[in-house]
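Visitor: First, the structure itself, so that you have it in front of you.
Every read-out reported here was derived from the displayed coordinates using simple, explicitly stated rules and does not represent laboratory data. The structure presented is a predicted model; accordingly, all values stated were derived computationally and were not measured. We place every Cβ from the backbone using ideal geometry, glycine too, and count neighbours over all the protein chains shown.
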Amino acid sequence: MEVTSVVQLDQTKAKDECLNLYLRPLQVSDVDDFMVWASDEKVTRFCTWEPYTNKEDGLNYIKNTVVPHPWFRAICVDDRPVGAISVSANSGNDKCRGELGYVLASKYWGKGIVTRAVKMVVDTIFVEWPHLERLEALVDVENVGSQRVLEKAGFQREGVLRKYFIVKGRSRDMVMFSLLSTDYQS
Amino acid sequence: MEVDLSKITLRPFKLEDADDFLLFAGDDQVTNYLRWQTLSSKQEALDHIKDVCIPHPWRRSICIDNCSIGFISIFPFSGEEDRFKANVGYGVAVKYWGHGIATKALKMAVPQFFADFPDVVRLEAFIDAQNLGSQRVVEKTGFQKEGMLRKYAYMKGKLRDMFIYSFLSTDLPANP
């Protein structure tokens, strides 16, 4: 089975940790690892969804959303999925734009993992999708950690969109970030 | 030409507006920053009024003396997470530019729309970075500029930077 074409490798030392970090598709067989972050309310705090409470829902999500998704990867540390990162696609006049999303098990926070994963996505997505001009991300104004990830990865903050989403019954202000294919230099 | 802004009214479109509709919807200058294709015949105008304007959740003709000289559209998004937001668009016949008509019409439309759609909390307008006239319209109406979205979308085949503006239901002046 050809695996190398879909695996992004990054084996740089991160501060005092040497982490074997790579991205690969998330599969149904990863459901137990998925449940570790998906059931954690610290992780889902700024997500539109509630924590998962049963494995059946996890399996359905992987089968129905992850597998057919245009670009969805597990973030793997020491060969196990510890989070996920994805880019959504648009059509027609909006085809130039993709939205970045990511999530990481709380045990692995604070080590720069998501920043590295975002950089790996940026290194590949404009090549895989030549029609993509703009990668954007929307982050809750209170989610400072996630804003720092994007800033470190070179995204530009464009503004605060007021009451942009209703998340868990409350309207939220979101910061809009973007990285253009022309911003990106390999 | 003098325009008495107190004569500006908003009402739903009717098939009888087709000739007047074609005067602005058939003009590239008006449709330049819209996603519409410029219309080119009375039949297209009739079809557009029948298939788009009339079934639209909230589209109004901007009228002087009950004669259609432009439009305002406010389109609520669908979907559980988005239905509290709506997108604003408008256009006025070139002959009537420069008199504050679009601003007057938008100032009338915004509170009417919020009254008709009490679930909507956020109106947004995406305005091409080069479209200074339209930026002034929303600013004078009280929309807040939130930022510039770089290379946000294609418009008439070109990739455009757009300013995003919003008007929240909480931005409406409190009732006396």
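Visitor: Test of understanding: in a Gaussian network model of chain A with alpha carbons linked when under 10 Å, which of A:134, A:170, A:116 would top the mean-square fluctuation ranking?
Guide: A:170
Visitor: Using Cα-only point scatterers and the Debye equation, what is log10 of I(q)/I(0) for the stretch A:21-180 at each q in 0.10, 0.14 Å⁻¹, rounded to two decimals?
Guide: -0.35, -0.72
Visitor: Would you mind computing, in nm to one decimal, how far apart the modelled labels at residue B:27 and residue A:152 are, each placed 7 Å from Cα along Cα→Cβ?
Guide: It works out to 5.4 nm between the two label points.
Visitor: I need the semi-axes of the equivalent ellipsoid of the protein assembly as shown: take the C-alpha gyration tensor, multiply each eigenvalue by 5, square-root it, list largest first in whole angstrom. Write out the running numbers ahead of the final one.
Guide: On the way: eigenvalues 411, 88, 72 Å².
Three semi-axes, in Å: 45, 21, 19.
Visitor: If exposed means no more than 14 neighbouring beta carbons inside 10 Å and the site is in a DSSP loop, what's the longest run of chain A without any exposed GluC sites (Glu not before Pro)?
Guide: My reading of the result: A:3-141 is the longest stretch.
Visitor: Which of the chymotrypsin sites (Phe, Trp or Tyr not before Pro) found in the stretch B:91-130 are in a DSSP loop and have at most 16 neighbouring Cβ atoms, other than their own, within 10 Å? All intermediate terms of the calculation are to be shown ahead of the outcome.
Guide: Working: sites: B:96, B:97, B:113, B:114, B:126; in loops: B:97.
Of the chymotrypsin sites (Phe, Trp or Tyr not before Pro), the ones in loops of the stretch B:91-130 whose Cβ has at most 16 other Cβ atoms within 10 Å are B:97.
Visitor: Using DSSP to call loops (not H, G, I, E or B), can you name the trypsin sites (Lys or Arg not before Pro) in the stretch B:17-72 whose Cβ has at most 15 other Cβ atoms within 10 angstrom?
Guide: Loop-located and lightly packed - B:35.
Visitor: Take B:14, A:111, B:85, B:104 and order them by how many other Cβ atoms sit within 10 Å, fewest up front.
Guide: The order, fewest Cβ neighbours first, is B:14, A:111, B:104, B:85.
Visitor: Say the cut-off is 27 Å between C-alpha atoms; which of A:63/B:85; A:111/B:151; A:42/A:63; B:95/B:140; A:107/B:151; A:152/B:85 go over it?
Guide: Result: A:63/B:85; A:111/B:151; A:107/B:151; A:152/B:85 exceed 27 Å.
Visitor: While we're looking at this one, here's another question. Above 27 Å lies some portion of the pair distances; for the stretch B:5-171, what is it as a whole percent of all C-alpha pairs?
Guide: Value for the stretch B:5-171: 22 percent of Cα pairs lie more than 27 Å apart.
Visitor: What relative contact order, as a whole-number percentage, does chain B give when Cα pairs under 8 Å and 6 or more residues apart are counted?
Guide: Values: 295 pairs, mean separation 33.9, N = 176.
Relative contact order here is 19 percent.
Visitor: Still on this model: Test of understanding: ordering A:113, B:54 by Cβ neighbours within 10 Å, fewest first, what list do you get?
Guide: Placing the least packed residue first, the sequence is B:54, A:113.
Visitor: For a paramagnetic label modelled at 7 Å from the Cα of residue A:144 toward its Cβ, which residues of the stretch A:152-186 fall within the zone defined by backbone nitrogen distances under 20 Å?
Guide: A:152-161, A:172-177
Visitor: In the stretch A:150-179, whose amide N lies under 20 Å from the spot 7 Å out along Cα-to-Cβ of residue B:83? List them in ranges.
Guide: A:163-172
Visitor: Return the distance in nm (one decimal) between the two label points of a simple spin-label model at residue A:41 and residue A:80, each offset 7 Å from Cα along Cα→Cβ.
Guide: 2.4
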